Every structure is written in C-alpha cells, then in structure tokens.
Amino acid sequence: MDVDRAPLGRLQLAAAAAIPIAFLAIFFVYPLATIVGRGLAESGSSTFATGETLRIAWFTTWQAALSTALTLAVGLPLAWVVGRFAFRGRSLVLALVLVPFVLPTLVVATAFVAVLPGRLDRSVPAILLAHAFFNVAVVVRVVGGYWAGLGRTTEAAATVLGAGPWRRLREVTLPQLAPALAAASALTFLFSFTSFGVVVVLGGPRIATLETEIYSQAARLFDLRTAAVLSLVQLGAVAAIVVVASRLEGRLLGGRSSETARRVLRRPRGRERWLVGSVLGSSAVLLGLPLAALIRRSLSTPTGIGLDHYRVLRRETSILLVTPLEAAANSLLFATLATGLALAVGGLLALALARLRPGWLDALVLLPLGGSAVMLGFGFVIAFDEPPLELRGSALLVPVAQALVAAPFVFRIVAPAIRSVRVELREAAALLGGSPLRVRREIDLPLVARALGGAAGFAFAIALGEFGATIFVAQADRPTLPVAIFRFLGRPGAENQGSAAALAVVLALLAAAAALVAERAGGRRSPL
Amino acid sequence: MRLRAEELVVGFDGTAALAGASLDVAAGETLALLGPSGCGKSTLLRAIAGLQRLDGGRVLLDGRDLGGTPPHRRGIGLMFQEHALFPHRDVAGNVGFGLRMAGTPRAEIARSVVELLGLVGLDGMGKRSVETLSGGEQQRVALARALAPGPPVLLLDEPLGSLDRPLHDRLLDELGEVFRRLQQTVLYVTHDVAEAFALGDRVAVMRAGRIVQTATPNELWSRPANGWVARFLGLANVEPLGESVRITRPEAIGVERSPAGEATVIRAERSGAVVTLTLRDSAGRELEAVVAGVNVPAPGDRVALRIDPAGVVFVPAGD
C-alpha cells in the first residue's frame, strides 16, 4: 500500500527505459562497436606509424592541459566575483557567461580567426585561447556556484585566528574549493581533449589532435583503417577521462545549497568594489572581443561598413550547392527533430534512472557528451554503410547524431529535477485524496516540466551548432549552417571569410537565443 | 471518529521499528504521542496513514479495518514535519488541493480556502507563492491544507519541530485552540514533553516501538509507569531501590531554613516565580526541591526538610 517512492512503478519503469536503451544500442553502441571491431582487426595492417599516433596523442593531451590552465586563469576571478558577492546584474552575468559555452564551435573558431592577427590565427595559442573562451562558463558556474555555497564563517574564523589574506586563501579557501576546482578542470580537460571544430579550423593543415586526425584520415584520405585505429586510442583516453571527471563531479553533490548561498553573498565594499568592477570589466572585454571582431568582419566590405556579406545568405554558390538561407532552414529543421529525439531519449532515461543514486551512472551518461562527436559520425558512416542497417544517405542520420550529442545535456538537466521531487510531496498529495495517477499529473509533471523546457532549449542550441558528427553524415546538398561556415572558411579570400563571419553571426544569434530562453524557462537549471 | 491501532509491527532490515504498538484515540480527542527520537513515532504515524506497510497488526477507524485501503481513500489527514508544501502552487492552491481531489466545485473551494486562511491567521495571502513564506507561515499553510478536506482523523508529525522558541510557543497555543474548536480526532507526534502536556487530552509515551503508558498529563506526572518514563518526563528525585525506583516529587518537599537542618543547599536556580533548589542531605544523597516566592534559601544555607508522603511513589525500575 505504500505510496510509490519513485514516479513510476517497476513495469512502467522498464517500459520507459526500453525506448532510450534500444535507441542508444542501435545508434551509439552499434557504431562504436563497429569502430572497435574494425580497429582491432586492422591494428596490425595499418600503414600509419605507431610513432605518429603517439605524437598526436601527446599533443592532444598537453594542449588540453594547457587549455585547462588557461581557462582556470580566466575563469577563477569571475568565479570569485559571482561566488562571493551580490550585485545588480549578477544573474545576468551568470546567464551571459553561458553564451560562449553554447556557441557553436564553428562560431568560436570563426570569431578567433577574425580577432587574431593574420600570423597567429592558425596556431596552437589560437586553439588554447579559443578553448579558454569556450570553457570559461564551466569554471565560473561550477566553481562559482560551489563557492557561493561554502559560507564565510570558516574564513572569518581564520581571520580571527590571525591569518592574513594570502594564508587564508591558501589554507582555508583553496582546500575547501578543491572538489569544485578538480571537477571543473576535469570537465574542461575533457572538452578540450575532444574539441573538434576549434582545432580543425584554428589548427590549419598541420596541427592535429586525435579528433581531427580521425576526421582527416576518414573523410579526406579515405583511410578507414587508420581512422578506426586512432578511434580506439581516442575511445580509451576519453573513457578514462570521463571516469575521472564524473568521479570528481560526483563529489560535488550535496556541497551546494542555494539557501545558504543567498545569505553568504553580500555587496562588495571599499576596495572590493574596484576589484569586482575590474574583474567584470576585463572579463567582458576578453569574452566580448572575439564576438565583436566577428561582427566587425561580417560587416566590413571593401567599401566600408555594410551588409554585403549578409547578402550571401540568398546567393547560391559553387562552394555550397544551395543558398546559405537553405542551410539555415536545414539547421532549424534538423535541430527541431534532434531536440524532440534528445528530449525523448534523455528524458525517459532520466525518468528510468532517477531512483538510482547519482554516481557512476552519470559517467555513463557523460560518455557520449565527451565521447567525441567525430567518432560518432565516423561510426555512423562505417556502421550504416552496409546491411543490416543500410541508412547511408538518409537525411535522418543528421538529427539522430545531433540528438545523441544533445541527450546527455537533457539528462543532466532533467534527472536532478526528477530527483528533487521529494517523496513527501507525493505522500502529502496522496493523503489529500490524490490517486497515484493523479499524483503523477499534479505533482511530478508540473515540477519536471520547467526543467524539460530548459532542456529543450539547450538541446536545440547544441543541435544547431553540432559539427563533428554532422560533417560526416550531412548530405552534400543538405548542409547545415556550421557545415556551410566550414566550407566558406576553407576557401581563401576576404570575400569568403566575410561570408563565413556573417553566417557565424546568424548561427550565434540563433543558438544564444535558444540557450537564454532555456535558461529562463528552466528555472536556472542548466547542465553546468 | 475513533481511531484504534492494534499491535502494529513494522520491521526494517531485521530490526523492529514497531514492536506491537497499540493506541486508542476516542472521537474528538487529542492524543499526544510522546517519545525520544528514533522510538518509532513517525513510523507509527505513517503506518496509520497507510504510507508504511505493516508486518503485523491492524488499524481500525470506527471499527472498520483499514488494511487494503490505499492512503488516498483512508480519510486521514497528515501534517508533515517539514510541511511538504507544493512549490509549484500558491498558498490557495496548496490549501484547496484536497478539496479539488474530492471534486468539490470551484466556487466552494474558493470559499473554503478563504475561511481556512482566516482560521490559521493568513487572511488574504492566497495568491502568495509558498516559497516566499516564513517558517511559521508555511506551518500554518500546511495546517490549513491538512484541515481543508475535513478528514475525520488528523495526524501531525512534529509540526513545530523546526521553529524558533517564541514562534513555537505562539503556534502551540493556536494549535490547541484549533483542535478544541474543530472537535477533530487528533494524533499529535512530538518528542517535547511540554508540547505533549499542553496539547494532549491524554499522552501516550512510546519507547523502542512500544507504547509504555497512556494517561492524562496529570496521571503521568503523579504516577509514571516506571523509572524510565519518570526520567523521560523530566521528573527529579528518581532513586533506584533494587527492582523499583522511588520518586519524590520536588514540590512535595518542604524546605525551611534551620541552622540544625539535615541538608545543605548546593544550587538555587530561578525560573520565573519558582526556584529549584539542589540539596544534599547528611547521607550524601542529592534531592531537588521547588519553592516559591522571593525569600528563599541560598547556596550554603542549612535547611530542614519535611517530605509529604503523598508526594512519594514507588514504581518498577523499567530498564
């Protein structure tokens, strides 16, 4: 007679889990298994030298490490500001900082091409800077949020006991922040390790990470064996990082409490006002500069400022086969389908797994998230190229791939929302006369609906910007906006660069709008 | 309605949370269920409400066995310890929830909500979000919500647990007032002796999954079932004597200043009108006595004791 401890009974739970599990089995496990099988079979016969693989793997690792260090350097001051102080526009800062994170990688890459001087725009520093720009949100939201939950009492106690500002920072604050710093670093490292759009554009032809090399071997040189072998290395590395990252993230649970946060935050006083102001100002410049440069390039024509580059939207070119406007329409259509799929897969999975303790499970869900979109695209190409599932050329592969990339974000937003529906609320509703079905409709559904709305927005933004997998499966005559930008960027000449910038601005606006709407709708629930 | 719980048994992982607990609450009576934390009070409440599966025993409402009746059809209201207000509904939405479940017409719900908010002193707050309410206001909304569908039996699980002292005392008075006015059958769970004595027509004392004693506050105070109950209620001067204990009620000890007296005052603590004296007699045993007024003995004074035999009881040790 007990009231259900979870929103669903056992049978319903199994039914709810069956759909996403079947979907993941066909479109995630099967392609990956195909890669692994191919990789193991070919590992002896590949013509690609082992030394070359090692060299690329090493570069991938250290650029990710440096990117992480740079991201921390840029993000920590801002994390301090939002984690310690209440000021007007604080929630706006938290929302805006998310914009670079949801910006499509191709937009970020195009923006850095625009902002950096000609000799630097295809170099390792360019890659590191772009990664820092992209991942600042991770540091600010994970560390800042955790910081806000820490409280000031321990620092006050240290001050009373005679510790100066530096000792306080070193011996009290930093050790307490360690879990959040570790988790944010691990996530940033993971995202930088598997970054594709940024590296393939800013790396130029000579700089390669595992991710871009898989793409080059498979899509440019048609050496599927080498691509499969490289994928094995990438898969192993990513699995290891994901396990570490999710362990570190798991330790954060319970450390955050918005209730105490409200009391901890206070207005900056005296010298702090200068510090807070200058951190906010310099962060705005650092994060705003690339975007400003992108907009400037999209507007600059041989005859001064103008909308010339935006006219390319309606023009058919040999580079694209269709007009960029049609590419934008493709993007919107695919992203809509992908959002529906991602909500179904991620939402049902969250529903089915909500009663399990968060922990190793979240690692499993993080896997596709960090698990290299390029590998997914490559897996689609070789797995669905032959019976039993010959789907080559099907336009539907694009939204399916995008949904797989977006679904983990949906899970990470919806699962906590489901877990936060306390058992007592269901019990209270039952004792007020609500039948089990009624309780689900009146309590669970409305409480999770807001999170679902937020998840939809994020999924849409991610699907819009998805590039690594899409580039493999998009048909030549049905490109998406990121694919279009990539093609324009690959051609020389100010005209093509300007067109890429204009398209990037359009894509950025679409993605940022979706993400900001999501942030509002989701009641501040976001994947970070 | 009369609520009976007969020999309820609930086991968790091999240990018994309820080991044959029995209760009988008369129609319109308020029974306070008192016990230390972890004694099974909340489990007993949840079992009666149908939120906890029974391993033995039965729950009867006016003689009807509730076994097999799901919680939402039992007609039992429960006010939760942490209130469990629905965060996505405003105050009126919370209070009217039970009536809506019962299919009450909308106009009637609106009328009842206004009436109930008046009863708990929250007039005109129906449109407020429950997340903006103070702890005391939330507690009142929870009470109004539990009362709204007019359940014949109302259970309350330490509803004043998390409130600060002044608010706690004020709401305690108001709760008593509401119970008297509505003539509802009430089972009130608490670990606070003062709360139980203030609200309960009778008090059931619970220990380790069993009800040890059920009596009026006066009976409990004058004749606790055993030494454990006496100590739990906060009675002083509970002295072990072999298999039993001797309890000397502090107010039954007459104290008079006398240089030749057999006892010395060690401590004197004033609490309002009365002063509690800690005394040591010539045999070295310590006693507490209560005296009133302002001209009272001070620490160091020698005093003579006169113990009223009516204030001394012998009960089983109970441990």
From the phi of every residue in the range B:258-275, what ³J(HN,Hα) in whole Hz does the Karplus formula 6.51 cos²θ - 1.76 cosθ + 1.60 yield, where θ is phi - 60° and glycine or proline is x?
6, x, 9, x, 8, 10, 10, 7, 9, 9, 9, 10, 8, 9, x, 6, 10, 10
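Between A:A25 and A:A449, 0.36 nm times their residue separation minus their Cα-Cα distance comes to what? It would help to have the intermediate numbers written out before the result.
Working: separation 424, 0.36 × 424 = 152.64 nm, distance 2.71 nm.
That pair, A:A25 and A:A449, stretches by 149.9 nm at full extension.
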Distant-in-sequence amide H partners of B:G20 (H built 1.01 Å from N, under 5 Å)
B:L8, B:V9, B:V10
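Stokes-Einstein diffusion coefficient for the range B:199-319 at 10 °C in a medium of 1.306 mPa s, Rh from the Kirkwood formula over Cα pairs: what value in µm²/s?
103
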Under a plain spin-label model, where a point goes 7 Å from the Cα along Cα-to-Cβ, how far apart in nm are A:W274 and A:L120?
2.8
Could you give the length gained by full extension between B:D55 and B:E239, i.e. 0.36 nm per residue of separation minus their alpha carbon distance, to one decimal place?
62.4 nm
Around A:D121: net Lys/Arg minus Asp/Glu count, Cβ-Cβ under 14 Å:
+4
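Given a Förster distance of 41 angstrom, what is the FRET efficiency for A:A17 paired with A:T323, based on the Cβ-Cβ distance and rounded to 0.05? Could you put the intermediate results ahead of the total?
Working: r = 43 Å, r/R0 = 1.05.
It comes out at approximately 0.40.
If packing is taken as the mean number of other Cβ atoms within 10 Å per residue, what is the order of B:11-19, A:158-166, highest first?
Numbers: B:11-19: 14.6, A:158-166: 11.3.
Most protected by this proxy first, the peptides run B:11-19, A:158-166.
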Can you sort A:V36, A:V400 by 1.4 Å-probe accessible area, starting with the largest?
A:V36, A:V400
State the answer as a single residue: which of A:F472, A:L509, A:W166 lies farthest towards the positive end of the charge dipole of the protein assembly as shown, with beta carbon charges of +1 for Lys and Arg and -1 for Asp and Glu, about the Cα centre.
A:L509
Once amide hydrogens are built 1.01 Å from N within the peptide plane, the residues lying 5 or more places from B:Q81 or on another chain with amide H under 5 Å from its amide H are B:D157
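For the protein assembly as shown, compute the orientation-averaged projected area of the C-alpha convex hull (one quarter of its surface), in nm².
47.5
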In nm, give the distance between the simple-model label positions of A:S435 and B:A304, each being 7 Å from the Cα along the Cα-to-Cβ direction.
8.0
Applying the Karplus parametrisation 6.51 cos²θ - 1.76 cosθ + 1.60 with θ = phi - 60° to the phi angles of the range A:467-484, what ³J(HN,Hα) value in whole Hz is obtained for each residue in order, glycine and proline being reported as x?
10, x, 8, 4, 4, 6, 9, 5, 6, 4, 9, 10, x, 9, 4, x, 4, 4
Let me know the charge dipole size of the range A:3-522 about its Cα centre in debye, to the nearest 20, where only the beta-carbon of Lys, Arg (+1) and Asp, Glu (-1) is charged.
2020
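Take every residue in peptide B:142-155, count the Cβ atoms of other chains within 10 Å of its Cβ, and give the average of those counts. Could you put the intermediate results ahead of the total?
Values: counts 1, 0, 0, 3, 3, 0, 1, 3, 0, 3, 0, 0, 0, 1.
Rounded to a whole number, the mean comes out at 1.
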In terms of the Cα gyration tensor, with a ≥ b ≥ c the square roots of its eigenvalues, is the range A:404-525 rounded because a/c is under 1.5, prolate because a/b exceeds b/c, or oblate?
prolate
Cα lying deepest toward the dipole's positive end in the protein assembly as shown, options A:L294, A:G236, A:V74, charges on Cβ:
A:L294
Return the long-range amide H neighbours of A:T480 (sequence gap of 5 or more, or a different chain), with a cut-off of under 5 Å between placed amide H atoms.
none
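Which peptide among B:110-119, A:329-338 comes first, and what is the full order, when sorted by highest mean count of other Cβ atoms within 10 Å?
Peptide ranking by packing, descending: A:329-338, B:110-119.
In nm, what is the difference between 0.36 nm times the number of residues separating B:E6 and B:S258 and their Cα-Cα distance?
Working: separation 252, 0.36 × 252 = 90.72 nm, distance 5.57 nm.
That works out to 85.2 nm of additional length.
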Would you calculate the separation in nanometres between label points at B:R231 and A:L286, each defined as 7 Å from the Cα along the Cα-to-beta-carbon direction?
6.3
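Which value, in square angstrom to the nearest 100, describes the accessible area buried between chains A and B on both sides, using a 1.4 angstrom probe? Provide the component values of the computation, followed by the final result.
Details: alone 23690 and 15480 Å², together 37010 Å².
Counting both chains, the buried surface is close to 2200 Å².
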Run a plain Debye calculation on chain B (Cα atoms as equal point scatterers, no solvent) and give log10 I(q)/I(0) at q = 0.09, 0.11, 0.13, 0.16 Å⁻¹, rounded to two decimals, same order as the q list.
-0.58, -0.79, -0.98, -1.26
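What does the structure give for A:431-444 when I average, per residue, the other chain Cβ atoms found within 10 Å of the residue Cβ?
6
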With A:L325 itself left out, Lys, Arg at +1 and Asp, Glu at -1 over residues whose Cβ is under 14 Å from its Cβ give +2
Using θ = phi - 60° and Karplus 6.51 cos²θ - 1.76 cosθ + 1.60, couplings along the range A:314-323 (whole Hz; Gly, Pro as x):
9, 9, 7, 10, 5, 5, 10, 6, 10, 6
Across peptide B:101-111, what mean number of C-beta atoms from other chains lies inside 10 Å of a residue's C-beta?
1
Per residue accessible area of the protein assembly as shown, 1.4 Å probe, in Å²
44
Sketch the reach of a paramagnetic label on B:Q183 as a point 7 Å from Cα along Cα-to-Cβ, and name the residues of the range B:201-216 whose backbone nitrogen lies under 20 Å away.
B:201-202
Helix axis angle, B:106-119 relative to chain B longest principal axis, alpha carbon, degrees:
20
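Given +1 on the Cβ of Lys and Arg, -1 on the Cβ of Asp and Glu, and no further charges, what dipole in debye does the range A:376-510 carry about its Cα centre, rounded to the nearest 20? Could the numbers behind the result be given before it?
Numbers: 12 positive and 10 negative charges, 92 e Å.
In total the dipole reaches around 440 debye.
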Peptides ranked, highest mean first, by Cβ atoms within 10 Å: ranges A:105-115, B:170-180
A:105-115, B:170-180
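If each DSSP helix of 4+ residues adds -39,500 (n - 2.57) and the sum is divided by the residues in chain B, what number results at 222 nm, nearest 500 deg cm²/dmol?
Working: 9 runs with 84 residues, N = 319.
Helix-only estimate at 222 nm: -7500 deg cm²/dmol.
Let's see if you can work this out: charge +1 on each Lys and Arg Cβ, -1 on each Asp and Glu Cβ, no other charges. What is the dipole magnitude of the range A:96-192 about its Cα centre, in debye to the nearest 20? Walk me through the numbers on the way to the answer.
Values: 7 positive and 3 negative charges, 24 e Å.
With Lys and Arg at +1 and Asp and Glu at -1, about 120 debye.
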To the nearest 500 deg cm²/dmol, what mean residue ellipticity at 222 nm is calculated for chain A from DSSP H runs of n ≥ 4 alone, each contributing -39,500 (n - 2.57), summed and divided by the residues?
-23000 deg cm²/dmol
In angstroms, what radius of gyration and Dmax does the range A:86-167 have, counting Cα atoms only?
18.3, 54
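The values are calculated or read from the model by the stated rules, or taken from the named source; none is laboratory data. Here the structure is a predicted model, which means the values were calculated and not measured. For neighbour counting, all protein chains shown are included, and Cβ atoms are generated from backbone atoms with ideal geometry for every residue, glycine included. We work out accessible area using only protein heavy atoms, side chains counted, and drop any ligands, DNA or RNA first. Shrake-Rupley method; radii C 1.70, N 1.55, O 1.52, S 1.80 Å.
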